[in-house]
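Notes to accompany the following structure.
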Amino acid sequence: LHKANIAFRDAAFDVSVAVFLLDASINDYEKLLMKYGLESSAKEDIYGKAGKPKLSDEQERISYCATQCVNLYTLTAQMKKELQEKEMWELFTTIEMPLIRVLFEMEKNGVSCDLEVLAQIASATEAKINGLAEKIYAIAGYEFNINSPKQLAVVLYDELGLKAGKKRSTSADVLEKLIHVHPIIALLLEHRKYAKLYSTYAVGLSKHVHKDGKIHTLFNQTQTQTGRLSSSEPNLQNISVRDEQGKEIRKAFVAAKGCVLMSADYSQIELRMLAHMANEAEMISAFNHEIDIHTKTAMQIFDVSKEDVDANMRRTAKTVNFGIVYGQSDFGLSEQLGITRKEAHEFIEKYFASYPNIKQFMDATIAYCEEHGYVKTLFQRRRYIKEIKDKNYMMREFGKRAAMNAPIQGTAADIIKKAMIDVSRKMQEKKVQSRLLLQVHDELIFEVPENELELMIELVTKTMEDVVELKVPLKADYSYGPTWYDAK
């Protein structure tokens, strides 16, 4: 409607958002019609595949549109009743519906992207890929297609005689286990990383830059089962910040003249959620007294004083902290930390001994899921987990991990959505020129005129921290600079 210069005053009820809350497997119109047993001629019959009217009879097209309207209108009363019965009406009306306008504004704003910077990154990345390929060919003794799993398997398992599993796999997780066996493995993994960087970002992003010099990503409200937003065309939420090469891409996202990009993100929100939801006194106390939570956990699992916690211990404790949030097993933890399963088991035992309420919370959450088939966030968002009752042991274990994580990750997702609504409302009240551009997990990115920077730092961090009252404080960190790279 915006493209057709028609101002849209907002909807009171979005059927796609409502049905997704009720059943996260329904994320398109055809599935919706099927679920509620509604008849509809296929869209192609009326409009053809390219969207050009196939039927010349205007009456038939009007009739088709009228049928859709009646279908949707009929559903609203039924869905409202279901949302109220399932205690999600407030979530729908105070978070999901107001968020639609915020996301529309973000998509419309877009984020400026410097094509020259992308071209420079592409060129440097291509040179790196070629250099790595040469080293790989030198070890193999001949040139081959590195991207062909079949040819690569021949090189690794026949030519170089590495021990193959049953499937002679060349997948990343298999190669990572062989990294200390042969020098070619590290080169292959690095080659893959740069190849992805080149195709997905350095070259891939440039295709999405519009005439206005901006990328207008789409934010999806009805895609992820945890309630997190996702982004597509292109996906800007998976630009890695874990390694320097991935972060380089952020240099291409630039602020307008006289502005800076400001990033505000929640610090350790999932662990804060865990402390609150499990009512774990030791963890709540650490957050309330601003004690570093990873140092605190290191003190517990290594049984040492604060002064004796070194960087390695803290790193291990951090992995354990987040592993617990994601319901990680001793096997998963041992793989990640490169330790024995017995050692990993001991870490987890010590963790639960140190934070007994977390163990109780996890057990209670699994039991609730087994009984009801779903778990809930603090805002009553439900995630149905059918795997919890699967006959297959591995599927049941997956279900348990999902059950442990969903309330924590889902509540964090609800909070960031509420923060986006509250921040947008405050920005309108203050009549600022600043604009919210992107949301990436726990991070919000704004374009801020330099003369509004102080005001925006105060407005955004305070609003994010005050969005909901918990047993622990929410903390929002901020940074800013001429590019997204500098703002993080």
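The values are calculated or read from the model by the stated rules, or taken from the named source; none is laboratory data. No experiment lies behind these values; they were computed from the predicted model shown. Cβ sites come from the backbone with ideal geometry, for glycine too, and all protein chains shown count toward neighbours. The protein model used for the area step is the full one, side chains on, heavy atoms only, and it has no ligands, DNA or RNA in it. Shrake-Rupley method; radii C 1.70, N 1.55, O 1.52, S 1.80 Å.
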Probe 1.4 Å, all chains present, heavy atoms only: His2 accessible area in Å², nearest 10, is 100 Å²
In nm, to one decimal, how far is the modelled label at Lys471 from the one at Thr295, with both set 7 Å along Cα→Cβ? 2.4 nm
On the accessible surface of the chain, probed at 1.4 Å, how many percent belong to carbon and sulfur atoms? 51 percent
Okay, helix-only estimate at 222 nm for the chain: each DSSP H run of n ≥ 4 adds -39500 (n - 2.57), divide by all residues, round to 500 deg cm²/dmol; what do you get? -16000 deg cm²/dmol
Name all residues of the stretch 423-450 having a backbone nitrogen under 14 Å from the label point set 7 Å from the Cα of Gln223 along its Cα→Cβ direction, giving them as ranges. 439-441
In the stretch 295-382, taking the dipole from +1 charges on Lys and Arg beta carbons and -1 charges on Asp and Glu beta carbons about the Cα centre, the listed residue (Ser334, Tyr368, Phe352) farthest towards the positive end is Tyr368
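What ranking, highest mean first, results for peptides 430-442, 146-158, 404-416 when packing means the other Cβ atoms within 10 Å averaged over each residue? Mind dumping the intermediate values first?
Values: 430-442: 18.2, 146-158: 15.7, 404-416: 24.3.
My ranking of the peptides, most packed first, is 404-416, 430-442, 146-158.
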Residues of the stretch 187-219 with amide N under 12 Å of the 7 Å Cα→Cβ point at Ser230: 219
Go through Ala298, Ala278, Val254 and say which Cα lies farthest out towards the positive end of the charge dipole of the stretch 253-324; charges sit on Cβ, +1 for Lys and Arg, -1 for Asp and Glu. Val254
Using +1 on the beta carbon of Lys and Arg, -1 on that of Asp and Glu, and nothing else charged, what's the dipole of the stretch 139-179 about the Cα centre, debye to 20? 260 debye
Return the FRET efficiency for the residue pair Thr74, Gln336: r is the Cβ-Cβ distance, R0 is 41 Å, and the value is rounded to the nearest 0.05. 0.25
Once the Cα atoms of the stretch 402-488 are picked out, what are the Rg and Dmax in Å? 13.8, 46
With 10 Å bins from zero, work out the P(r) of the chain over every alpha carbon pair and list the percent per bin. 4, 15, 22, 26, 22, 9, 2, 0, 0
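Treating only the Cβ of Lys, Arg, Asp and Glu as charged (+1, +1, -1, -1), what charge dipole size does the chain show about its Cα centre? Round to the nearest 20 debye. Walk me through the numbers on the way to the answer.
Values: 65 positive and 69 negative charges, 191 e Å.
Here the size comes out at about 920 debye.
With N set to the number of residues, divide the alpha-carbon radius of gyration of the stretch 171-295 by 2.2 N^0.38 Å and report two decimals.
Working: Rg = 19.8 Å, N = 125, 2.2 N^0.38 = 13.8 Å.
It is 1.44.
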Expressed in angstrom and rounded, the centroid-to-centroid distance over alpha carbons for the stretch 339-378 and the stretch 392-447 is 23 Å
List the aspartates and glutamates whose alpha-carbon lies under 16 Å from that of Lys386, not counting same-chain residues fewer than 8 positions away? Asp23, Glu370, Glu371, Glu397
Leaving out same-chain residues fewer than 8 places away, which aspartates and glutamates sit with a Cα under 16 Å from that of Lys350? Glu280, Glu282, Asp303, Asp330
Let me know the charge dipole size of the stretch 100-173 about its Cα centre in debye, to the nearest 20, where only the beta-carbon of Lys, Arg (+1) and Asp, Glu (-1) is charged. 500 debye
Calculated Rg and Dmax of the stretch 287-372 using C-alpha coordinates, Å: 13.6, 46
Can you pick out the pairs among Lys128/Lys207; Lys166/Lys400; Lys177/Lys418; Lys135/Lys342; Lys128/Lys214 whose Cα atoms lie more than 31 Å from each other? Lys177/Lys418; Lys135/Lys342
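Taking Cα pairs under 8 Å and at least six residues apart, what relative contact order does the stretch 428-488 come out at, in percent? Kindly include the intermediate steps, with their values, before the conclusion.
Numbers: 47 pairs, mean separation 11.4, N = 61.
Computed value for the stretch 428-488: 19 percent relative contact order.
Taking the Cβ-Cβ separation of Glu371 and Ile6 as r and a Förster radius of 45 Å, what is the calculated FRET efficiency to the nearest 0.05?
0.40
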Could you work out the local net charge near Gly110, counting Lys and Arg as +1, Asp and Glu as -1, over the other residues with Cβ closer than 14 Å to its Cβ? -1
With all protein chains modelled, accessible area of Phe20 [1.4 Å, Å²]: 10 Å²
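Using a 10 Å cut-off on Cβ atoms, rank the peptides 327-334, 170-177, 390-397 from the highest mean neighbour count down.
Values: 327-334: 17.9, 170-177: 13.5, 390-397: 11.4.
Highest mean packing first, the order is 327-334, 170-177, 390-397.
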Kyte-Doolittle mean at least -1.0 and Cα axial length at least 30 Å: DSSP H helices in the chain: 58-85, 115-140, 393-429
Give Lys251/Lys306; Lys306/Lys471; Lys86/Lys391; Lys108/Lys247 a once-over and call out the pairs whose C-alpha atoms are over 29 Å from each other. Lys251/Lys306
Please give the per residue accessible area of the chain, computed with a probe of 1.4 Å over protein heavy atoms only, in Å². 53 Å²
